[in-house]
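Chemist: Would you mind keeping the following structure in view while I ask a few things?
The values are calculated or read from the model by the stated rules, or taken from the named source; none is laboratory data. Keep in mind that this is a model prediction, so the values were computed, not measured. Methodologically, a virtual Cβ is constructed for each residue, glycine included, from the backbone with ideal geometry; neighbour enumeration extends over all protein chains shown. Note: accessible area is taken over every heavy atom of the protein model, side chains too, but ligands, DNA and RNA are not part of it. Shrake-Rupley method; radii C 1.70, N 1.55, O 1.52, S 1.80 Å.
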Amino acid sequence: MLVQTQRQIATLLTAVVVTAMSGCGQSGFDSHFVSSDKTESLIKEAQNGVGDLPGVNELVSDRFGTPQQLNAWMKLPVDFGGVSGSVSAAPEASIAVEELSLKFDGEVIQVDSEPLLVQFVTGAAAPAVVEIKRWSAEKGVASLTAAMETLPAEGDTVILNGGSHLKTGRQLYMRHCSHCHGTSGDAAGPTAEYLNPRPRDYRHGVFKFTSTNAQSKAARDDIRRVLQNGVPGTYMPSFVPMLKDNELDIVVEYVRFLALRGEFERRLVSELAPDYSKDAMANRMASGETRSEVVNDLKEFLAEDLQDSIEGFMDGTNGLATVWTNANLPEATITPDAARVPNSAESRRIGRELYLSKAINCADCHGIGGKGNGPQTTIFEKNVVTETLYPEPGLHDVWDNVNQPRNLTLGIYRGGRRPIDLFCRIQAGIKGTRMPSFKNLKHEDIWHIVNYVLSIPFEPEPGKGPTPAPAAATTP
Amino acid sequence: MATVSPAIESHSDDHSHGNDHGHGHQQSFFYTYLWSTDHKMIGKQFLITTMIMMMVGGALALAVRWQLAFPWQNMPVLGPVFKLFLGEGGQISPEFYTMLFTMHASVMIFLVIIPILAGAFGNFLIPLQIGADDMAFPVLNALSYWFMWPAIACFGTSFFVGGATAGPAGGWTSYPLLSALQEAAPGSGAAQTFWLMGLTLVGVSSMMGSVNYMTTIINMRAPGMTLFRMPLTIWSMFITAILQAFALPVLTAAGFMLLTDRIMGTCFFVPAGIVVNNAAPTIGGGQPLLWQHLFWFYSHPAVYIMLLPAMGMVSDMLSCMSRKPVFGYKPMVYSMAAIAGLGFIVWGHHMFTSGMNPALGMTFMTSTMMIALPSAIKTFNWIGTIWGGNVKFNSVMLNCSGFVAMFIVGGLSGIFMAAVPVDIYFHDTYFIVAHFHYVLFGSTLFGVFAGITFWFPKMFGRLMNDTVAKWHFALTFIGFNGTFFPMHLLGISGMPRRYADPYLHPYLEHLLPMNQFITCSAILMGFAQFLLLGNFLYSMYRGEKCGRNPWGANGLEWSAPSPPGHGNFDVPPVCYRGPYEYSSPEAGALNQDFILQTEVPPDMSKIATAETAATA
Amino acid sequence: MKKFWALFFFFWPAVAFWSCWIARSRGWWFPASEDNPLGLAMSPLGQQIDGLFYLILGIVAVVFVGTQFALGYALWMSATKEDSKPAHYSHGSHSLELIWTIVPAFVLVFIALYQMNVWAEFRVQSYFPNETKEDGPKLEVTARQFEWRMRYPAPGQVLSNQPQAGDLYAVNEMHVQTGRPVKFNLRTGDVQHAFFAPQLRVKQDAVAGLIIPVWLEVPKAGKYDLVCAELCGWGHYKMRATIVAEPKEKVEEYLRNLEQEQNFDGVAPAAAEE
């Protein structure tokens, strides 16, 4: 009795307090996706659209939604979750359709507060989304809240509550990831600026540590492995057992969704940037065009050329959908020709020779002793895109961060310490960084190098004996 | 009869000097309200400053509670007012949470509890209760207040100097290496440096105060005010001042060592070869545990610095409101002295799981168990004081009873932690949080609330509204227990402290509803403090006017005008008896249940009995 | 109104007492699970600690009820008596002071002495269980911001304080043998952390520059939580790991799998050799 009363009081108090406090706190501010610097380098009209024609921001948000209302854009090679099914009987054409016969591959669970949403994936009705008022499992008939305008045909595929992975993914992402990786996956969360190295910015669509060959994107398993093992030597921790198995999958999908969103935005911008960036505008105005002429040009471009390009972004051999899907195929995965060469002193000696050889020249970056202090670490590099010198010396990655070569004496391997991990690092390089792909190297030679690299923490020069161990105190 | 101070001649000189001032000239606004060297004004300055800081610390606490009850949800005020975390929709970052509890503790301990007891009440009461016209070193006294402001400024700067969302985040204990290495956390950069400077400045302020209190209490007592006729408030202030004078230098030194570790690379606390956030490996040679020893060598006595004055004040008020002498005056004094003495050899109980030599764990356990003894004696004596009294159920009495009731809980829960094996489990869980809030808030702040109400008439010549004060007591008491009692249970459930999101751990998930209940109670408690502030401000100007002695109390301060003028007393007071002769036969001879310490003995034949009683 | 306030001071300790009384049934007690609904300690040492806890709880409960009742009763007496009746004039009682000095002193000394053995067994190396002395440390647990990294010696090898070529690494998962005390070395890679296994009642700080030997014994196979209990930065709350207790053979099998996984070269599927 008392317990119940106490609980009721607590609930009541909570309710009052929450409404009171959130009332003054929440006034119209939600998390949002931010547009990239690149988008912001475009002229206003290209960013926000002219007249009815959508600009970059709208083109992106139309397809991907906002954090509160994420879109499951079916073109994306992302597993959006939900229960798939199909139309089991085509409705009669004569009447306004308020009931639909459907069958689902999985169980349909209706929770009181949550509406059931059915999206048409194929057929004439696609991509319409209808809301189910009542679902009768025995009859397989759904009563809809509103009549449908376009009629589906028998066999059309549908997805029930599609995008549930996005919803869960976002919740998990906001709780575990966003304070470093940012709501948009732009590595601009509040904690990010204090971390060294900086967290990954997904929007390039580039992930460093993959098991796929040099040209391929990251496979699902690659992202998953990073979540499971963390990235040793950085602030990326292991998320097991914090995330359960299925939650890991969902986070992986959400991260891929953010990466695709970022890449889609980048591709749009790269179409527009040559003619419609702020710089281009200045140049064109300097060469005699007026602002309205440029904007008219833009209108035309947005209305016609860009529409065609967008189709190409997703499909086609280089389309986003294709490359992200292909990364998961066995062909994309690196498989050595031969098993690892036995880790013998001889193998390590060959490895050391290769490491120092002119052709491969690992020491140029990693240093002769493997301390990550080769001559390349002190040069001033040029930014490939802007062609200006970076302010700091050292190697830089595509995210414009200094990214010095690994100190191999520490025994910390960010991409994993299995021989295959090191093999992949050498064979495919580390994507987005100056660690190149040595894909023409014989696999046997790669194994020699792997054997050598793995021995560096214990014996920097094969045959010269181990490094002296620094003393550490032991308590009584 | 104890010795009358040989300096009695010079005392009377002082008084006439003081009186000259009082009647002489009007001081300008600047000298009256800002750079005042009058102990009463300095006391009031301290009181009002600390009350403002209390609201700041309370707001930080509510923010902490918000996150624990509604993890990662849009935090009120922060976004709309401070424009923080807009991109995340008001979801705070974990380092912001660590900043919140760090600064809550720092503000409450260093800017509220220590200065409100020693600074506000110590300053106001010491000269009045011992019959002096002012402190021994008035300018030093003013400096001790004005050193608080640079400290507040440093703490304030530390909120944003390292980045708007990265305030100091090492916890108030600031254990290295988290606090020693700039790269170790977002808040370990400039923010931590400013925090340490603030800490040092608070220390300087306290040190000036404690030197002053010791000198004043030893040298400036009125004729007849022997040591064992001093009110327990004065005893507690005296013991506190000694504690502070001996313990504080250690913290100041440790603070400087940490500062030099951070700024000059000295490595007192930093061992070799540590890589944090991929910065260069540390040079080393130091020991992180050294900081813990030095820090707790101050901070454990500091707990008593934060408690003893309240104990003394509550003894005074309980006796007055029960119309009955304090039960066992001398045991009270001795147990305070014992607490102070033992307080120096128990610091290690904060470090049972720290990896120090386990043999030390055993000695510290024994000494810690022993320190419970004087606390127990005091508790029994307080109850003995109320027992058989003629209790006035006003807000002062209620707050004092609240103090006793809460102190019992805080004391008893301490026994669990004093026992090393049990502490293995309880260390750094919410059980600890519950324990020290019962001691520091439950005891000290209820004592302070009582003290504010009790001495308000002496400060401003007006009474505070008792009904509002009772409401304030009731709401605070309910909110307090609703907040902190369940925390014992959280601790037993194994919920560690300083977790931004405990619910990531399945064994803690079911504690969310309890945390929400706690947060609601905390909000109730927080908002109840507006009653205190409102009552305080209103009564300052509109309260019922009162005479010199509205409570019928005995202390010397009640023989002075309300509020006392410059120099405090009309005539230099002479003390004839102990401070707690309520309902004594002597008082009965005057047909009242109190008799001022300055009251000339009404009937010569009765003096002998009264004195034996007072010194017994 | 006087009586109300006196009752007020009777009432709240009653609520407090009641909330402790029901706490266990409401799940506000030692961490419980389906296998362990009462939240018992899952290690022999933990059971001793719990025993000491309940001993202190008993003593404390008696004192709590006694003192709070005395306080309430003192107020109640005053609230019910006539105002005109003067207070009892007394400066105290020497014999009472003696009693309430000596009795608590005995109780406190008793509590202190009674605890020593358990503490010694947990922390003083010469009192460690013999098995841990024979076996030596089984693994090294390194806390770092913000995860737990385990290092096992290669099967058949002895753990060395310095990493060895064949060492096996794991993250956030610690496998220990059931039914035998297991010693491990605790250290930190960066700032201070604390190894806290709530169900096993084990807690030990990991201090930079020190390697601290810790032991634990888990009689029952199962998964137990491992969390951090010393503020270590913004991700303090994220340091969640699992202690997997299982029979010796299972631990060995786990280590074999770990070895295989760690030597995986992408050609021979790791499972094929099993």
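Chemist: How many residues are open to solvent by 10 Å² or more (accessible area, probe 1.4 Å) and at pLDDT 90 or above when one looks only at the range B:584-597?
Modeler: The total comes to 2.
Chemist: Right, something else. For the structure I just gave you, tell me whether B:SER93 is within 13 Å of chain C (Cβ to nearest Cβ) and open to solvent by less than 20 Å² (accessible area, probe 1.4 Å).
Modeler: Yes.
Chemist: Same structure, new question: Find the residue count for the range C:68-84, including only residues that are under 13 Å from C:PHE17 (Cα atoms) and of a type outside the set (Phe, Trp, Tyr).
Modeler: 1
The rows are residues; the columns are (1) farther than 22 Å from B:MET313 by Cα; (2) open to solvent by less than 40 Å² (accessible area, probe 1.4 Å).
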| site | (1), (2) |
| --- | --- |
| B:GLN529 | no, yes |
| B:TYR538 | yes, no |
| B:TRP551 | no, no |
| B:SER559 | no, yes |
| B:ASN568 | no, yes |
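Chemist: How about the range C:1-46: which of its residues are open to solvent by 80 Å² or more (accessible area, probe 1.4 Å) and facing chain B (nearest Cβ under 8 Å)?
Modeler: The answer is C:MET1, and nothing else.
Chemist: Show the residue pairs meeting these rules: Cβ distance below 6 Å; 6+ apart or different chains; first residue within the range A:405-424 and at the interface with another protein chain (Cβ under 7 Å from one of its Cβ atoms); second residue hydrophobic (A, V, I, L, M, F, W, C).
Modeler: A:ARG418/C:PHE264; A:PRO419/A:VAL450; A:ILE420/C:PHE264; A:PHE423/A:ILE446; A:PHE423/A:VAL450
Chemist: Moving on. Filter the strands (runs of 3 or more DSSP E) completely within the range A:115-225 down to those with at least 3 residues that are touching a strand residue (DSSP E or B) at 6+ places or on another chain (Cβ under 9 Å) and surrounded by fewer than 20 Cβ atoms within 10 Å (Cβ to Cβ).
Modeler: Once the strands (runs of 3 or more DSSP E) in the range A:115-225 are filtered for at least 3 residues that are touching a strand residue (DSSP E or B) at 6+ places or on another chain (Cβ under 9 Å) and surrounded by fewer than 20 Cβ atoms within 10 Å (Cβ to Cβ), what remains is A:129-136, A:141-148.
Chemist: Continuing with this model, one more query. Consider the range B:459-502. How many of its residues are at the interface with chain C (Cβ under 10 Å from one of its Cβ atoms), of a type in the set (Ser, Thr, Tyr) and open to solvent by 20 Å² or more (accessible area, probe 1.4 Å)?
Modeler: The qualifying residues number 0.
Chemist: Further, regarding this structure: Would you list the strands (runs of 3 or more DSSP E) that sit entirely within the range C:178-232 and hold 2 or more residues that are in contact with a His (Cβ under 9 Å, 6 or more places away or on another chain) and open to solvent by less than 10 Å² (accessible area, probe 1.4 Å)?
Modeler: Because the criterion is at least 2 residues that are in contact with a His (Cβ under 9 Å, 6 or more places away or on another chain) and open to solvent by less than 10 Å² (accessible area, probe 1.4 Å), the strands (runs of 3 or more DSSP E) in the range C:178-232 that meet it are C:193-197, C:202-206, C:222-228.
Chemist: Also, quick follow-up: Among the residues that make up the range C:174-181, is at least one of them of a type in the set (D, E, K, R) and in contact with a strand residue (DSSP E or B) (Cβ under 7 Å, 6 or more places away or on another chain)?
Modeler: No, the range C:174-181 contains no residue that is of a type in the set (D, E, K, R) and in contact with a strand residue (DSSP E or B) (Cβ under 7 Å, 6 or more places away or on another chain).
Chemist: How many of the residues in the range A:55-101 are of a type outside the set (Phe, Trp, Tyr) and assigned to a loop (DSSP other than H, G, I, E, B)?
Modeler: Going through the range A:55-101 one residue at a time, the tally reaches 22.
Chemist: Would you check if there is a residue in the range C:257-271 being facing another protein chain (nearest Cβ under 8 Å) and part of a helix (DSSP H, G or I)?
Modeler: The answer is yes; a qualifying residue exists.
Chemist: Does any residue of the range A:262-278 turn out to be over 20 Å from A:PHE64 (Cα atoms) and among the aliphatic types (A, V, I, L, M)?
Modeler: yes
Chemist: Check off (1) of a type in the set (A, V, I, L, M); (2) over 30 Å from B:LYS392 (Cα atoms); (3) within 7 Å of chain B (Cβ to nearest Cβ); (4) part of a loop (DSSP other than H, G, I, E, B) for C:LEU52 and give me the number that stays unchecked.
Modeler: Of everything listed in (1) of a type in the set (A, V, I, L, M); (2) over 30 Å from B:LYS392 (Cα atoms); (3) within 7 Å of chain B (Cβ to nearest Cβ); (4) part of a loop (DSSP other than H, G, I, E, B), C:LEU52 misses just condition (4).
Chemist: On to the next question. Quick one: B:VAL433 ticks every box in (1) within 13 Å of another protein chain (Cβ to nearest Cβ); (2) free of Cβ contacts under 8 Å to residues at least 60 places away in the same chain bar one, so which box is it?
Modeler: Among (1) within 13 Å of another protein chain (Cβ to nearest Cβ); (2) free of Cβ contacts under 8 Å to residues at least 60 places away in the same chain, the lone unmet condition for B:VAL433 is (2).
Chemist: Can you tell me which residue is nearest to the other protein chains (Cβ to nearest Cβ) among those in the range A:25-54 that are modelled with pLDDT under 90 and either touching a Cys at 6+ places or on another chain (Cβ under 9 Å) or part of a strand (DSSP E or B) (or both)?
Modeler: Once the filter is applied, the top-ranked residue is A:SER31.
Chemist: Ok, one more. If you check every pair at least six apart or on different chains, which have Cβ atoms under 9 Å apart with a residue in the range B:132-146 that is over 27 Å from B:SER559 (Cα atoms) first and a residue that is surrounded by fewer than 17 Cβ atoms within 10 Å (Cβ to Cβ) and of a type in the set (A, V, I, L, M) second?
Modeler: B:TRP146/B:LEU34
Chemist: Within the range C:47-71, which residues are of a type in the set (Ser, Thr, Tyr) and open to solvent by 20 Å² or more (accessible area, probe 1.4 Å)?
Modeler: Selection gives C:TYR54 alone.
Chemist: On to the next question. Against the definition (farther than 21 Å from A:ASP37 by Cβ, surrounded by 18 or more Cβ atoms within 10 Å (Cβ to Cβ), basic (Lys, Arg) and touching a Phe, Trp or Tyr at 6+ places or on another chain (Cβ under 7 Å)), how does A:ARG414 come out, yes or no?
Modeler: Against the criterion (farther than 21 Å from A:ASP37 by Cβ, surrounded by 18 or more Cβ atoms within 10 Å (Cβ to Cβ), basic (Lys, Arg) and touching a Phe, Trp or Tyr at 6+ places or on another chain (Cβ under 7 Å)), A:ARG414 qualifies.
Chemist: Let me ask something else. Of all residues in the range A:149-169, how many are touching an Asp or Glu at 6+ places or on another chain (Cβ under 9 Å) and β-branched (Val, Ile, Thr)?
Modeler: Total meeting the criteria: 1.
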